[in-house]
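To start, the structure under review is shown below, and the notes come after it.
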Amino acid sequence: MAPDLPQFPFARPQGYEPPHENAKLRKECPVTKVKTFDGKEHWWVGKYGDVCKVLASEKMSKDRRNPGYPELHPGGREKATQKKPTFVDSDDPDHAYQRSMLEYSFMPEAVEELRPMIQKTVDEVINKMMERKRPGEPVDLVDQFASPVPTIIIYRMLGVPEEDIDDLSRDSEVRNSASTQAAESSNTNLQDYMSKLVGKKIENPGDDLISKMVVEHYQKGRLQRDEVDQLAFLVLVAGNATLINLIGLGTFTMLQHPDQLNDFKKDTKVLAKPMVNELLRYHTASALNGRRVAIKDFTLRGLEIKAGEGVITSNQAADRDEEIYTNPDEWDIHRKHPVEVLGFGHGPHRCQAEWLSRAELEITFSTLFSKLPNLKLAVKESEVEFTPAAQNVGITKLMIDCLETQEISGFRNPWPSWHKPSSLEVWQALEWGEDIDPCIQLARSRVTELRKLGRSSESSLSSAEVPMKSNKSQAAELLRVVKPDFSFDAQEKRAKTTWLGHAGVLVQLPQLNEDSEVRNSASTQAAESSNTNLQEYMSKLVGKKIENPGDDLISKMVVEHYQKGRLQRDEVDQLAFLVLVAGNATLINLIGLGTFTMLQHPDQLNNFKKDTKVLAKPMVNELLRYHTASALNGRRVAIKDFTLRGLEIKAGEGVITSNQAADRDEEIYTNPDEWDIHRKHPVEVLGFGHGPHRCQAEWLSRAELEITFSTLFSKLPNLKLAVKESEVEFTPAAQNVGITKLMIDCLETQEISGFRNPWPSWHKPSSLEVWQALEWGEDIDPCIQLARSRVTELRKLGRSSESSLSSAEVPMKSNKSQAAELLRVMKPDFSFDAQEKRAKTAWLGHAGVLVQLPQLNECGRPTAGPIRSYPPPCAVEDLPEIDVVMISHNHYDHLDFDTIMTLWKNHAKHMRFLVPLGNRQWFLDSGIDPGRVVELDWWDGVHLTAPDANGNEHSSLSITCTPSQHSSGRSGTDANTTL
């Protein structure tokens, strides 16, 4: 035994800070030996790629009964061997068999159906916590919220009667809180209860998870009775403590980062998923669960791990790998994660309940910070209580203050000193809840309770009865405003003050007025004529609305303003015409400019198409900044003397403000001349102007643009320019920027380049990930999309000239036959681009044909393997000279004998084959030269070079074999490798 080996588990230095050993070993020796409590030595692995490789390897076992498995506590092995292990602690095929019994209940589709129940549970727990809370006293969030939420959710999934939940929850809390005799007793109580519950479900099954196991597996002889009991108990307790820890850690960490918390509260729908993803990376609350034992010799970073040796993978260290993440020790809910986080593990033992847990966490944090927007710590950060330093990180006690009595510090000025905000901006920028004053929010929530008590002791402004309809009077009647704190903070060098509002009372802002901005139309004779026609039409339409008003905008002007004498008839005509034409040309220009600019930036366009819901708003915001299509509209005349940057602007002098120049101000924006739809805008863009004449139709225009681009690139995912960029026609150079003619190709004939692997080489994607990551339209094959869109038209024409497979009539219900009948697949382009130094190639799919994935079944799985839907783009004989053929795995349609032999016959002088482990003999038996067949295991690689005319190395190619598709072994009938 080496006495200088680090002792594992490593201890956290303080709070949730990861052990220092993680970063030190990850940098200096990422694969090394450590020792555990019993003096035994095990391997420790801390780099992301290495951790994934170990956890995905079939040479590693999760079975704790195997000698050498790393135990962290005395008696761990003895306890693990008392009963037959569940799939959590077993290997395939037992692991896969038992895991499949629960798989459907935890798939994304099933979890989506559970979201209403999860939301209901979170709401109930928060309400109950607030009912129990005494006024002015803090509450322990872990005890009152973090612990009951995941516990009650899993009870309801299992079908536990509501009347039993409170008693069971107490046992669950004791079980999670310690390893004492009391915890063991609670564990036994829970096991006994679950066994009895299983018995009741056998007699009278319902619609819950246990009943499904009983009906689908126990009654059909696939599970024994004790296995049902065991699995039901496993679902009850597995991961419960982890979720409790994550809720506490997530709340605490968000409170430590108020700027990010404010961002989160403004848009929980968008930020809930990335916030939870960052939580799982930053804290990796199951950091001690990645233990394995080698069952075959295994090589990692040149070190030999012998069969029987234990391996501890540190997911926590890997989730802060500097080679993967920028600033990995910083909390950032806006982070773009380049890889999957390891909070739920990796490989075949990745947590089955991941999607359920993510949904719980997303709903939990969204609801918590929405219902309690003024949540804050009730103790110093140093007084928060954490789990022991050598255990999985978690919080055991988190005292928070829910601020029942609203303390208001007033109005925040979010603008630079030189910026004068408009009424609209002031209205939107209230610090208290942005669009909603929390005074009013609180008043509404408490009015019923306080009315029961009669006159509230908390009132300070009025003794009159408060009518429900008045926000202002509600606030005055029901809220106590705390006295301002005028103390001086010497360290901060600023006073703590409270803004008391108008004359020391809380205020209610009035509604916005109806200011608008007039836009100029074209000046040609044709434009003037059209302008007159439109004015005459709108005047006639106003007349009709006066006689018979409806529910439209003109009718509202007529009823609300004209009939009440607030507007003259000619003013109604004028306003109706203004609404019709104002900004129309600008929107037309913006749609053209936005489309063209997105096509110029294909990487950002791909990101946009993947998540239009999230990126539509920032894309439009960047469009308004980058192009500022109303750049000539910011003209004014001084009516009083005005000083700007020390210069005197006299009354009567004209002023032209360049919104276009201002929107590219280097002092405001980083790289302002670059197009970036992910840009975080530090100020409001000026595309709709600024001040009292800011475009009134801004929100309508934004909505139009967001929907326009989302729909355009969704319905026409293969849109591209039909002309060179230099041939796009723009407005005259001295006018507002716009595009007058933009020729595009909607790609009716679909060119498909195949499947894109979006993952790093060391990542083994799940079946669901593979399904979702098809390059052609992500979840939708555009071939089928195109076939559906054109089937009616082509049926009218009869037999399509583009058909190449069948002369039979195409039934609407058949995707496969639609594609075969209606699509022509273009020949691949094998030309070589000398400047790019790479060939243009097309993935030919199974045995040289493009493929169509089958539909998913009711369990969310493909109903079969890929279906041959389309004719091959070219004959095998027509392929250019080939040096290397890479075989991904040994299905019959990858090792098509005729195709392989034709390739060999035509290219035998140069060609060699790279094949997965265990497949070389097939090629030798087929008569191929043994020297031309290289067999690769995972992570093996080859380096190929080509000489120039002088015999010197001219170009080279490195190929690495990485795990990619299918879910079984590396060799045999279904090789789990690709090249």
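The values are calculated or read from the model by the stated rules, or taken from the named source; none is laboratory data. These numbers come from a predicted model, not from an experiment. As a convention, Cβ positions derive from the backbone with ideal geometry for all residues, glycine included, and neighbour counts pool all protein chains shown. The accessibility values were calculated without ligands, DNA or RNA, using every heavy atom of the protein model including side chains. Shrake-Rupley method; radii C 1.70, N 1.55, O 1.52, S 1.80 Å.
Answer yes if at least one residue in segment 360-371 is surrounded by fewer than 18 Cβ atoms within 10 Å (Cβ to Cβ) and at pLDDT below 95, and no otherwise. The answer is yes; a qualifying residue exists. Assessment of segment 19-35 against the conditions (over 21 Å from Gly394 (Cα atoms), in contact (Cβ under 8 Å) with a residue 60 or more places away in the chain and in a loop (DSSP other than H, G, I, E, B)) yields at least one matching residue.
It is to be established whether one or more residues within segment 669-678 are over 25 Å from Leu615 (Cα atoms), surrounded by 10 or more Cβ atoms within 10 Å (Cβ to Cβ) and among the hydroxyl-bearing types (Ser, Thr, Tyr). No, segment 669-678 contains no residue that is over 25 Å from Leu615 (Cα atoms), surrounded by 10 or more Cβ atoms within 10 Å (Cβ to Cβ) and among the hydroxyl-bearing types (Ser, Thr, Tyr). The strands (runs of 3 or more DSSP E) located wholly in segment 640-747 include none with 2 or more residues which are under 14 Å from Glu622 (Cα atoms), in contact with an Asp or Glu (Cβ under 6 Å, 6 or more places away or on another chain) and in the same structural domain as Gln604 (by the TED database).
Elements of the type helices (runs of 4 or more DSSP H) sitting completely within segment 42-134 and holding at least 1 residues that are assigned by the TED database to the domain that holds Pro30 and β-branched (Val, Ile, Thr): these cover 48-56. Restricting segment 106-153 to residues that are surrounded by fewer than 20 Cβ atoms within 10 Å (Cβ to Cβ) and of a type in the set (S, T, N, Q) leaves a set whose member that is nearest to Ile210 (Cα to Cα) is Gln119. Of all the listed residues (Thr284, Thr268), the sole one being under 22 Å from Glu71 (Cβ atoms), of a type in the set (Ser, Thr, Tyr) and in the same structural domain as Trp43 (by the TED database) is Thr284.
Selection of segment 911-924 for residues being farther than 16 Å from Val876 by Cβ and assigned to a loop (DSSP other than H, G, I, E, B) yields Leu917, Gly918, Asn919.
Among residues that are more than 28 Å from the chain's Cα centre (by Cα) and surrounded by fewer than 19 Cβ atoms within 10 Å (Cβ to Cβ), Pro74 is included. Each residue in segment 221-257 was checked for being crowded, with 20+ Cβ neighbours inside 10 Å and not in a helix (DSSP H, G or I), and 2 pass. Applying the set (1) among the β-branched types (Val, Ile, Thr); (2) assigned to a strand (DSSP E or B); (3) in contact with a helix residue (DSSP H, G or I) (Cβ under 8 Å, 6 or more places away or on another chain) to Val620 leaves exactly one unmet item: (2).
For segment 23-42, how many residues are surrounded by fewer than 21 Cβ atoms within 10 Å (Cβ to Cβ), under 16 Å from Thr313 (Cβ atoms) and in contact with a Phe, Trp or Tyr (Cβ under 8 Å, 6 or more places away or on another chain)? Matching residues across segment 23-42 total 4. Please determine whether any residue of segment 173-181 is modelled with pLDDT of 90 or more and either farther than 19 Å from Phe106 by Cβ or in contact with a His (Cβ under 6 Å, 6 or more places away or on another chain) (or both). No, because not a single residue in segment 173-181 is modelled with pLDDT of 90 or more and either farther than 19 Å from Phe106 by Cβ or in contact with a His (Cβ under 6 Å, 6 or more places away or on another chain) (or both).
Taking each residue of segment 664-677 that is farther than 16 Å from Gln604 by Cβ and looking for partners that are open to solvent by 90 Å² or more (accessible area, probe 1.4 Å) with beta-carbon atoms closer than 7 Å, six or more apart or interchain, yields Arg664/Asp673; Pro672/Glu666.
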